[in-house]
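One structure below.
The values are calculated or read from the model by the stated rules, or taken from the named source; none is laboratory data. Computed from a prediction, not measured in an experiment: that's the story for all the values here. Cβ coordinates were reconstructed from backbone atoms using ideal geometry, including for glycine residues, and neighbour counts include every protein chain displayed. The protein model used for the area step is the full one, side chains on, heavy atoms only, and it has no ligands, DNA or RNA in it. Shrake-Rupley method; radii C 1.70, N 1.55, O 1.52, S 1.80 Å.
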Amino acid sequence: MGELWPVPDALAYLAGGWRAERSVRDLASGDGGEFSGTTVFEPLTDGELSQGLPQGAPRGLPQGLLHRESGTFVWRGVPRPAERTLHFLPGSSPGTVDVRFADGRPFHDLDLSSGRHVADHPCSADLYRGEFTVRDADHWRSVWRVRGPAKDLVLTTDYARER
């Protein structure tokens with residue numbers, strides 16, 4: 001992929017619209033799929049922010065970004081609509097991100113200050129390990145490797161900024 005591109009403020013970098021192209025490989029079965037769509041990072045509203053915070057968490061935290069992904073996922077030749085929503089909140093240090101599911105559960109941290117970040121997310125007995133790399137101002141990639149008794153997958157997503 002070439003050299004890494006350091007990002008001093010991940011929220012500022014991600015804001016806006018991105019074209020998303022994802023390949024999904026099931027290493028156990030050999031099956032593969034593709035997702036094609038868009039990912040939009042837009043400012044969270046007060047209502048969305050309070051819904052995404054864990055119960056008892058302090059309110060009045062700095063705003064973050066609402067991540068909305070939508071498109072078409074094709075698996076075994078069958079296309080179907082696909083979407084997901086995440087909350088990208090300011091992280092524990094400047095320029096970093098605390099990524100949460102829409103219901104407020106923690107997903108992973110994100111620090112792009114070096115242009116590369118690795119994050120883990122345990123899910124039941126499976127482990128999701130994500131590697132994020134930034135190529136330049138308009139291109140980044142995530143690769144999730146999922147291993148465990150229920151899954152053996154590689155999900156690679158390339159993002160290109162929409163103009």
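Which count do you get for residues in segment 16-44 that are more than 16 Å from Tyr159 (Cβ to Cβ), assigned to a strand (DSSP E or B) and small (Gly, Ala, Ser)?
Total meeting the criteria: 2.
State all residues of segment 1-60 that are open to solvent by 50 Å² or more (accessible area, probe 1.4 Å), modelled with pLDDT of 95 or more and of a type in the set (Asp, Glu); if no residue qualifies, say none.
Of everything in segment 1-60, those that are open to solvent by 50 Å² or more (accessible area, probe 1.4 Å), modelled with pLDDT of 95 or more and of a type in the set (Asp, Glu) turn out to be Asp9, Glu21, Glu34, Glu42.
Going by what's in this entry, would Gly71 be described as within 19 Å of Gly37 (Cα to Cα), out of contact with any His (no Cβ under 8 Å at 6 or more places or on another chain) and open to solvent by less than 40 Å² (accessible area, probe 1.4 Å)?
yes
Go through segment 107-148 and report how many residues are modelled with pLDDT of 95 or more, within 21 Å of Trp75 (Cβ to Cβ) and not charged (D, E, K, R).
Qualifying residue count, segment 107-148: 7.
When you scan segment 91-146 for strands (runs of 3 or more DSSP E) that lie fully inside it, which ones turn up with 2 or more residues that are open to solvent by 50 Å² or more (accessible area, probe 1.4 Å)?
106-110, 116-123, 126-136
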